[in-house]
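Quick notes on the structure that follows.
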Amino acid sequence: MMKSLKLPAQSRRRRGPASPPPYRQRGVGLIEILVAVLILSLGLLGMAGLQSRSLSTNQSSYARTQAVMLSYYMLDAMRADRTSAELGNYNRAAICNPAGVVGTALSDNNLRHWVTSLRTSLGEQGTCGQVNVDAITGNTTVTITWDDSRAGGLGAQTFVTTSRL
């Protein structure tokens, strides 16, 4: 007959997961996740604000570039019609509405088209153009004013180009 082996009482106990000590905190992982999500959301809000500011600054830069190109456009049109420009047919105070340019001469058509282009490119509100040709020296000043507040700018902007015909 075989003798049965008796195991010590300790080894017969059922072994299961050890119960946590009473001082251990529960839910720490959840709090860490909430803090991480909070930090991530603040970072994303900062990036959205930065993107918004970048877009408005880009729009303001675009408007200034359009003003430069349109001032050169007017100078080139006057160079093509030099005689009329030297006679002062392009000299006008601030023109804010294309309908304010009356006439069918080339200078009138150029000015009307120029002001229409200004308003199309820079906005309807507060956009004006002015041309002044000095008949003696041939120095020409083209002044463009527009409202830059919609692009986050400081409001009224003025760009002045001076050249010789």
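No value in this document is a laboratory result; all are computed from the given coordinates. Worth saying up front: this structure is predicted, and the values here are computed from it rather than measured. Here Cβ is always computed from backbone atoms with ideal geometry, including for glycine, and neighbour counts include all displayed protein chains.
The Cα atoms of the range 60-164 define a convex hull whose projected area, averaged across directions, is 5.9 nm².
The distance linking the range 50-72 with the range 75-149 is 21 Å (Cα centroid to Cα centroid, whole angstrom).
Could you please report the charge total around Thr161, scoring K, R as +1 and D, E as -1 over all other residues with beta-carbon less than 15 angstrom from its beta-carbon? Write out the running numbers ahead of the final one.
Numbers: positive: Arg64, Arg79, Arg164; negative: Asp76, Asp134.
Once all neighbours under 15 Å are counted, the net charge is +1.
Taking other C-beta atoms within 10 Å as the exposure proxy, Ile136, Ile39 rank Ile136, Ile39 from fewest upward.
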